[in-house]
Amino acid sequence: MKKTLLLFAFMLCTTAVWAQNLQLHMDMGRFTYNDLKGRSLFTTTIENFKQDKWGNTFFFVDMNYRQSGIDLSYLEISREFTIGKSPFSVHMEYNGGLMTSASFSHAFLFGGSYFHRFESINLNVSVTPMYKYFYKDAHSAQLTGVWNWQSENELFTLCGFADIWSYKSKAVFLSEPQFWFNLNRLERVSDEFNLSLGGEIELSYNFASPDKFRVIPTLGMKWTL
């Protein structure tokens, strides 16, 4: 277990070096649902998206905090290879993480992705159907949608994802739309002051809470590197 924790800590340090943005969220779950009083109050996210001539690499690392320290770390990392000059890509992904009392089952995903940009409204959208395998546990399938929109003056950003997958014959849904107000787009604010204020809304069904639909907002800030 100690070796696993050390390896994961090394992964966190490595990803932090290449992070595209750093986020801090104050989670309102403990205030909005009585049965979530023990939910962590703060979450940090390290996120990166990088394109190259073969496709793109994306990852994020979430860390949840209690008064005593970090009680959860979770990683998703994916690689896409574009097919010629088409909007289609081959998609490969890994999900996994650690809690203070246990670890997440490894999840390996493979599929294809379709990307489209709506130029007239400055909106990017991708749709990715995948085969999903939970290590030594279950075969599944997942459909993921991702979006990113910016206002014409880049003052506002709307982005996020929606996942739906099956686990042992049960449907699971998770979506986290985010809203950001980009301070460096204001007059008299330096273009290099890359702080954004906003947050996200976690929408989920059958995720962590069986047969329950949750709506959990956060207040957040983001620094883009």
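Here are a few things to note about the model shown:
- Meets criteria (touching a residue at least 40 places away in the same chain (Cβ under 8 Å) and surrounded by 14 or more Cβ atoms within 10 Å (Cβ to Cβ)) for residue 63: yes
- Check on residue 84, under 28 Å from residue 216 (Cα atoms), small (Gly, Ala, Ser) and out of contact with any strand residue (DSSP E or B) (no Cβ under 6 Å at 6 or more places or on another chain): no
- The set of residues in the range 102-132 being part of a loop (DSSP other than H, G, I, E, B), surrounded by 14 or more Cβ atoms within 10 Å (Cβ to Cβ) and of a type in the set (S, T, N, Q) consists of 105 alone.
- Only one of 136, 168, 212 that is basic (Lys, Arg), more than 29 Å from residue 119 (Cβ to Cβ) and free of Cβ contacts under 8 Å to residues at least 12 places away in the same chain: 212
- Taking the range 149-200 as the range and being of a type in the set (Phe, Trp, Tyr) and part of a strand (DSSP E or B) as the test, the residues that pass are 149, 156, 161, 165, 167, 173, 179, 180, 181.
- Meets criteria (open to solvent by less than 30 Å² (accessible area, probe 1.4 Å), assigned to a strand (DSSP E or B) and touching a residue at least 40 places away in the same chain (Cβ under 8 Å)) for residue 145: no
- Flag for residue 96 being at pLDDT below 95 and either more than 18 Å from the chain's Cα centre (by Cα) or open to solvent by less than 20 Å² (accessible area, probe 1.4 Å) (or both): yes
- Any hit, the range 169-188, residues being closer than 27 Å to residue 30 by Cα, open to solvent by 80 Å² or more (accessible area, probe 1.4 Å) and not aromatic (Phe, Trp, Tyr): yes
A quick yes/no check of all residues on (1) under 27 Å from residue 179 (Cβ atoms); (2) in contact with a helix residue (DSSP H, G or I) (Cβ under 8 Å, 6 or more places away or on another chain):
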{"site": "75", "(1), (2)": "yes, yes"}
{"site": "106", "(1), (2)": "no, no"}
{"site": "118", "(1), (2)": "yes, no"}
{"site": "128", "(1), (2)": "yes, no"}
{"site": "135", "(1), (2)": "no, no"}
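The values are calculated or read from the model by the stated rules, or taken from the named source; none is laboratory data. Since the model is a prediction, treat every value here as computed from it, not as a measurement. Note that we place each Cβ from the backbone using ideal geometry, even for glycine, and neighbour counts take in every protein chain shown. Remember, those area values only see protein heavy atoms, side chains included, never the ligands or the DNA or RNA. Shrake-Rupley method; radii C 1.70, N 1.55, O 1.52, S 1.80 Å.
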